[in-house]
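Q: Pasting a structure here, questions to come.
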Amino acid sequence: DHAPWQIFCQPELRPCCDDPASILRPGRRQCIGGVDLHAHLLDYTRRFWEGHPPQQRLMGLVNLMTAHEHFMTRLGILDTDLPPFLQGLAHRLRSDTALLIISDHGTHGVWYNDFAIGQAEHRQPAFLLSLPERFAAANPAGDGALRRNQARRLTSFDVHATLQHLAAWPTMPRPSLEATSLFVDLSPNRTCEQARVPAKFCIEV
């Protein structure tokens with residue numbers, strides 16, 4: 001059973017977003033059985049991880065959707081459950097597990113975008129990557145490129161190439177016009193056009 005999304009198929013979940021009783025309605029807290037939806041998903045992830053031996057290579061994607069609502073009232077409740085979840089994985093994160101925390105986009109269609117910071121976040125969503133210390137120590141060239149690339153223009157295509165690189169490590173996927181693994185140096189002068197970023201989403205720094 002590796003299908004946590006079946007929770008959305010339960011009959012008690014009403015369609016989003018016009019039904020006032022729907023847990024997917026913007027501004028409403030998402031609870032199932034008195035437990036926040038993100039807590040269910042984090043618990044599922046924890047049990048999934050604990051159910052597989054450390055030597056087995058795994059990849060998982062968890063879409064919490066906690067911030068996926070227009071009033072921006074839900075995101076703060078994630079602070080209660082995310083830190084202990086990460087602390088519970090600390091031994092794996094130190095030894096053999098890479099962790100990515102990614103926002104697929106910033107806020108859109110909400111009041112926040114009336115301000116410069118909202119517009120900037122929309123064009124430049126969050127991307128955090130954590131790797132085990134021993135991996136960084138064993139691969140100083142890749143670690144150095146990652147650190148330098150923090151200040152360079154990257155896209156989701158580069159993130160995808162990086163995941164492919166990790167999955168086949170140390171074999172690197174063939175670079176393309178729009179995607180390069182972050183374990184090699186991106187150009188410090190990379191333009192939005194070179195990165196295939198549409199002009200309306202481009203931020204010049």
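The values are calculated or read from the model by the stated rules, or taken from the named source; none is laboratory data. Given the structure is predicted, the values throughout are model-derived calculations rather than measurements. Methodologically, a virtual Cβ is constructed for each residue, glycine included, from the backbone with ideal geometry; neighbour enumeration extends over all protein chains shown.
Q: If I filter the stretch 104-124 down to residues being within 17 Å of the chain's Cα centre (by Cα) and modelled with pLDDT under 80, which single residue comes out as nearest to residue 27 (Cα to Cα)? Don't jump to the end; show me each part of the working.
A: Going through the stretch 104-124, the residues within 17 Å of the chain's Cα centre (by Cα) turn out to be 104-107, 121-124.
Now restrict to residues that are modelled with pLDDT under 80: 104-107.
On the way: 104: 20, 105: 19, 106: 17, 107: 14 Å.
Selected residue: 107.
Q: Is one or more of the residues making up the stretch 36-48 hydroxyl-bearing (Ser, Thr, Tyr), at pLDDT below 85 and farther than 24 Å from residue 133 by Cα?
A: Residues of the stretch 36-48 hydroxyl-bearing (Ser, Thr, Tyr): 44-45.
When the remaining residues are screened for being at pLDDT below 85, the result is none.
No, the stretch 36-48 contains no residue that is hydroxyl-bearing (Ser, Thr, Tyr), at pLDDT below 85 and farther than 24 Å from residue 133 by Cα.
Q: For the stretch 74-119, how many residues meet the condition of being touching a Phe, Trp or Tyr at 6+ places or on another chain (Cβ under 6 Å) and exposed (fewer than 14 other Cβ atoms within 10 Å of the Cβ)? Outline the logic, then answer.
A: At the first step, the residues of the stretch 74-119 found to be touching a Phe, Trp or Tyr at 6+ places or on another chain (Cβ under 6 Å) are 102, 118.
Narrowing the set further to residues that are exposed (fewer than 14 other Cβ atoms within 10 Å of the Cβ) leaves 102.
Final tally of qualifying residues: 1.
Q: Let me ask something else. From 2, 70, grab the single residue that is surrounded by fewer than 14 Cβ atoms within 10 Å (Cβ to Cβ), modelled with pLDDT under 75 and either of a type outside the set (D, E, K, R) or under 29 Å from residue 131 (Cβ atoms) (or both).
A: Result: 2 is the single residue among 2, 70 that is surrounded by fewer than 14 Cβ atoms within 10 Å (Cβ to Cβ), modelled with pLDDT under 75 and either of a type outside the set (D, E, K, R) or under 29 Å from residue 131 (Cβ atoms) (or both).
Q: So for the stretch 138-146 (the condition being touching a helix residue (DSSP H, G or I) at 6+ places or on another chain (Cβ under 6 Å) and either at pLDDT below 90 or not basic (Lys, Arg) (or both)), does at least one residue qualify? Write out each step before concluding.
A: So in the stretch 138-146, the residues touching a helix residue (DSSP H, G or I) at 6+ places or on another chain (Cβ under 6 Å) come out as 143.
Among the residues that remain, those that are also either at pLDDT below 90 or not basic (Lys, Arg) (or both) are: 143.
The answer is yes; a qualifying residue exists.
Q: So which residues in the stretch 162-184 are of a type outside the set (A, V, I, L, M, F, W, C) and modelled with pLDDT of 90 or more, if there are any at all? Full working, then the answer.
A: First, pick out the residues of the stretch 162-184 that are of a type outside the set (A, V, I, L, M, F, W, C): 162, 164-165, 170-171, 173-176, 178, 180-181.
If the condition is that a residue be of a type outside the set (A, V, I, L, M, F, W, C) and modelled with pLDDT of 90 or more, then 162, 164, 165, 170, 171, 180, 181 are the ones that fit.
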